[in-house]
Amino acid sequence: MKSLNSRRTRAIVVAIAAGSLALTGCSENKGGSSDKDSKKDQKEAAVQSKAVTYGDAAASTGPAEAVPGAKSGGTIQVYQEQGLTHLDPGQIYVSDAGQVANLLFRGLTNFEEDGKGGVSVVGDLATDSGKSSDGGKTWTFTLKDGVKDENGTAITSADVRHTVERQYASFIFDGPTYLQTWLSGAKYREALPDGGFGKKHLPDDVLETPDAKTVIFHFKTPQTDLPQTLAMPGYTIVPEKTDTKAKYDKAPVSTGPYKIAEYKVGKTLKLVKNENWDAKTDSVRQQYVDGFNFDFGVTESTQTSRLIADQGDSKNAIQLTGSVEATKIQDVIKNASVNKRTIKGYQPYVMALNFNLDRVKNKKVREAIAYGVNSKSLIAGEGGAYGGDVAPNLFAPTLPGYEATYDPYGRLKNPSGNVAKAKELLKGVPAAEKKLVFAYSNNEQGQKRKVAIEDALTKIGIDVVSKEVDAASYSEQVGKLDNPYDMYINGWGQDWPSPATVVTPIYDGDQVADGSPNYSHMNDPQVQKLIKKALTQEPTEAAATWKEAHHYTLEKVLPGAPLWYTKQFQLYGSNIGGARYSTESSYIDVTRLFLKS
Amino acid sequence: MFQFILRRTAGAVITLFLIGAATFFLFVAAPSDYASLACGKDCSPARLEDIRHALGLDQPIATQFWDFMSGIIVGRDFPDGHCAAPCLGQSFYSGDFVWDTIMDRFPLTVSLTIGSMVVFLVVGVGAGMLAAYKRGSTVDKVATGASMVLSSFQIYFLGPIALTVLVYSTGWMEDPKYVPITEDPVGWLVGLSIPMVVMATIFTAQYTRMARSSMIEQLQEEHVRTARAKGMAQKYVFFRYAWRGSLIPIVTVLGIDVSALLGGGVVTELTFSLQGIGRLAVDGAQHKDLPLTMGVMLFGAFFILILNILVDIVYAVVDPRVRLS
């Protein structure tokens, strides 16, 4: 789940981004104007919509390819505004904790990047990305030799079983639910209420561990995305003997290159080398630096000022999931020596003005708004071309199936809105239907969006009644089925590079419920039929079905007006080596960093 | 004196109880609750009830309040272990005992408070006294003018300027940070010097004006005039007769200011990205974390009350005319 406007989004969600990502920041930034960069981003995004590949045993064998010029030693300073919500792997579903998880934890699989836009899934603790049989209903993984937790205890298939089963326990509630749902259905918790901590375990026809090295998943329907699903931080391994249930969230046991030396929730986190991590077993991560010191509570403004100044400890610092503050973007791009210390790229989020379809029933009104909204002014509030790009449709540039020129509402031609067309559509619409309640978050970002929406929609003849909503509970409030609002801005991004993780959660009628990300309450039989069809198809076949579902949704239903694609723009200190944009996380790649001196 | 302290202490306990009650009931009346926020994306009514039960939010409000307040005196038992008195509860958000979290953040807040207090008392009161002593002179005009200008500044304005000039542009100093004084006294002073000075600057202006006017007032008192008429040396009159009397309003305001600073200098901590009590209060409110918010509120209120009592005691020491009865 990747809602951009949830309480979890203060640390924007892990983006298992696509190989399709623009990767404008994968190589060293040479500077340049925002317009040029933006056009380059769009061009590269448009041509790189390729699917993730699955790596074999050779690709999964460590050590990871050395980073040119890398040195060992030193400690990297990490700046982050908000503390981590969770550190229990089972609870991790957001990007800040996901970034940390990539240093601390290992799963059966992981994403590997080639620095040129290619992303593959490789075996992490497993010898490869998994072997499927029975048409994708059965998946077998074999554990590598020599993989241990931080205590030096070997990781076995029992630990994998435990990791899966504990996801059914009630104290795990914030992590991904894909695997559990695929194994045991929507009401998966009923299948194993005690999460495997008692005598009851998942039966062998669901999860099989015939020996210490082998793990076999049995699904009722083909799950061709499983290797990508298992690469999510939420499915990294919790060694059975170390599990302290709810307490694990504050003191998890490492299986990755670093372990926790000290953790003060919301204040500091110190990571040091895990001596029991063996580089020969890991084809993705490096262990160049001695450790990472995380300082929480450092605002994005301060992060940016410190990194621009590049003094003292800031030379060794990175932003974890924070971005260059919007007001300081020009300071960065106009200074060549600073601009070359940036990484940029598309994030997987599409921001949309969602309509509450239970209230805004007149499609002409929705269409008028889709034509009339001003993406340009909204993007200006996000930092301009470095904060986002005009979104002509509901598929992000990071998603396989992205169509750069699919623009049913003329957004690319009229990024500031087509007022004449919108007014024409509203002719004859009763005044009562043109009076709409817009919910906005009561933070700085929400205020900017409110002004832009009010301004654009008033011009086309909509009577906008703006209602302020508490920022901390914004998603909760607009996520209620009987909410009193007509429209609200939300963002969504894929969990891994498949439209299945976008169309299904936000446009499937089966997902309409309180707290569901189907904010528009869309429940269209045709779209549901297409979703069901695509989920059982091979990726290449499914692509056409997803495209059909996307087009139908946007043109025939119109649950929301696409506004903009979000972009990442981060800064790091001058002594940081190996920095590059991670297409997997949509943030700085933390697995290969070193200090130059 | 003993009766006075006893009476004021009893009053302070009652006041703390009332502050706790007000905070608690205002928080409970807030539109959203922590259980809903913590419930996650697949929140079911059953799960919401589980969370409410785990957090004790399914208990009657009066019971919750009593558990919290009694825990301060006798401690409380939580599933994670015993929380020894003074137990301020367990944070909903972090799961840590609130008292432990406050104690972790308090050294920074104390450091900022004491450091800035030393600066603004020495510089502010000193400049004010000097201005009063040299009333009408250039020194007086400069001190008065400067205090007028500085008193109009705010930390959120002066702080970023100081950072830009001293850290980001010139690199003369490093980013503010807290190093325990027990580990590295020099590092402690250097790390916090910018926030201390910025915070002190705002207060210095206020104390300069207050000290000046208070001293001028004292210098016009009859006993001071009498001392002068008797031919006493100017310095003797100044320090022996006028100075002590002029401290009364300064001590009063100092008590209020220090207690407020110990309760958390929110703006200072946010401006300089420091993690003290003020930041903790903001976090508590943002996360709808009732125990943390309650804990920080009571902790701050405790200092306000204690320092008020101390101020009353200091009155008697500074000015024997004041009787504690």
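The values are calculated or read from the model by the stated rules, or taken from the named source; none is laboratory data. From a predicted model like this one, the values you see are computed outputs, not experimental measurements. Using ideal geometry, Cβ is built from the backbone for each residue, glycine included, and neighbour counts are taken over all protein chains shown.
Go through the residues of the stretch B:249-264 one by one and say whether even a single one is within 14 Å of chain A (Cβ to nearest Cβ) and either of a type in the set (Ser, Thr, Tyr) or under 30 Å from A:Glu476 (Cβ atoms) (or both).
Yes, there is a match, as at least one residue in the stretch B:249-264 is within 14 Å of chain A (Cβ to nearest Cβ) and either of a type in the set (Ser, Thr, Tyr) or under 30 Å from A:Glu476 (Cβ atoms) (or both).
Being under 24 Å from the mean Cα position of the chain (by Cα), among the basic types (Lys, Arg) and surrounded by 18 or more Cβ atoms within 10 Å (Cβ to Cβ) is the requirement here; does B:Arg76 meet it?
no
Only residues that are in contact with an Asp or Glu (Cβ under 6 Å, 6 or more places away or on another chain), under 16 Å from A:Val373 (Cα atoms) and either modelled with pLDDT under 95 or buried (at least 17 other Cβ atoms within 10 Å of the Cβ) (or both): list them for the stretch A:427-450, please.
A:Lys434, A:Leu436, A:Val437, listed by residue number.
Being within 12 Å of the chain's Cα centre (by Cα) and not in a helix (DSSP H, G or I) is the filter here; which residues of the stretch B:265-305 pass it?
Residues satisfying the conditions are B:Gly265, B:Gly276.
Looking at (1) without any contact (Cβ under 8 Å) to a residue 24 or more places away in the chain; (2) under 18 Å from the mean Cα position of the chain (by Cα), can you tell me which one A:Gln91 breaks?
(1)
Being in a loop (DSSP other than H, G, I, E, B) and not small (Gly, Ala, Ser) is the filter; apply it to the stretch B:229-264 and report the residue that is nearest to B:Leu305 (Cα to Cα).
If we take residues in the stretch B:229-264 being in a loop (DSSP other than H, G, I, E, B) and not small (Gly, Ala, Ser), then B:Met232 is nearest to B:Leu305 (Cα to Cα).
Within the stretch A:525-561, restricting attention to residues that are not in a helix (DSSP H, G or I) and not polar (S, T, N, Q), which residue is surrounded by the most Cβ atoms within 10 Å (Cβ to Cβ)?
A:Gly560
Since B:Thr226 meets every condition but one in (1) closer than 30 Å to B:Val318 by Cα; (2) touching a residue at least 60 places away in the same chain (Cβ under 8 Å), which condition does it not meet?
(2) is the only condition that B:Thr226 fails.
Among the residues of the stretch B:265-289, how many are of a type in the set (A, V, I, L, M), more than 9 Å from chain A (Cβ to nearest Cβ) and crowded, with 24+ Cβ neighbours inside 10 Å?
Summing the residues that are of a type in the set (A, V, I, L, M), more than 9 Å from chain A (Cβ to nearest Cβ) and crowded, with 24+ Cβ neighbours inside 10 Å in the stretch B:265-289 gives 1.
Grab the helices (runs of 4 or more DSSP H) fully contained in the stretch A:290-382, keeping just those with 1 or more residues being of a type in the set (D, E, K, R).
Result: A:300-309, A:329-333, A:363-372, A:375-380.
Out of the residues in the stretch B:107-165 meeting the condition of being in contact (Cβ under 8 Å) with a residue 12 or more places away in the chain, of a type in the set (S, T, N, Q) and assigned to a helix (DSSP H, G or I), tell me which one is surrounded by the most Cβ atoms within 10 Å (Cβ to Cβ).
Among residues in the stretch B:107-165 that are in contact (Cβ under 8 Å) with a residue 12 or more places away in the chain, of a type in the set (S, T, N, Q) and assigned to a helix (DSSP H, G or I), the one surrounded by the most Cβ atoms within 10 Å (Cβ to Cβ) is B:Thr109.
Search the stretch A:243-283 for residues being part of a helix (DSSP H, G or I) and surrounded by fewer than 18 Cβ atoms within 10 Å (Cβ to Cβ), and hand back the single one that is farthest from the other protein chains (Cβ to nearest Cβ).
The residue in question is A:Lys280.
If I go through the stretch A:304-323 residue by residue, how many of them are modelled with pLDDT of 95 or more and away from chain B (no Cβ under 11 Å)?
Summing the residues that are modelled with pLDDT of 95 or more and away from chain B (no Cβ under 11 Å) in the stretch A:304-323 gives 4.
Based on this model, can you work out whether B:Pro195 counts as modelled with pLDDT of 85 or more and surrounded by fewer than 17 Cβ atoms within 10 Å (Cβ to Cβ)?
Taking the combined requirement at face value, the residue does not satisfy it.
Looking at the stretch A:492-520, I want the residues that are under 18 Å from A:Pro562 (Cα atoms) and have a partner that is among the hydroxyl-bearing types (Ser, Thr, Tyr) and part of a helix (DSSP H, G or I) with Cβ atoms under 7 Å, at least 6 apart or on another chain. Which pairs are those?
Sorted first by the residue in the stretch A:492-520, then by its partner, the pairs are A:Gln494/A:Thr501; A:Tyr507/A:Thr553; A:Asn518/A:Tyr507.
Among the listed residues A:Lys144, A:Lys137, identify the single one that is among the basic types (Lys, Arg) and surrounded by 18 or more Cβ atoms within 10 Å (Cβ to Cβ).
A:Lys144
Can you name the condition, by its number, that A:Leu183 falls short on among (1) in a helix (DSSP H, G or I); (2) in contact (Cβ under 8 Å) with a residue 40 or more places away in the chain; (3) under 18 Å from A:Gly136 (Cβ atoms); (4) not small (Gly, Ala, Ser)?
Of (1) in a helix (DSSP H, G or I); (2) in contact (Cβ under 8 Å) with a residue 40 or more places away in the chain; (3) under 18 Å from A:Gly136 (Cβ atoms); (4) not small (Gly, Ala, Ser), only one is false for A:Leu183: (2).
Does A:Ser170 meet the test of being within 14 Å of chain B (Cβ to nearest Cβ), touching an Asp or Glu at 6+ places or on another chain (Cβ under 9 Å) and free of Cβ contacts under 8 Å to residues at least 24 places away in the same chain?
When the stated conditions are applied, A:Ser170 does not pass them.
In this structure, is A:Val350 more than 30 Å from A:Ser157 (Cβ to Cβ) and among the β-branched types (Val, Ile, Thr)?
yes
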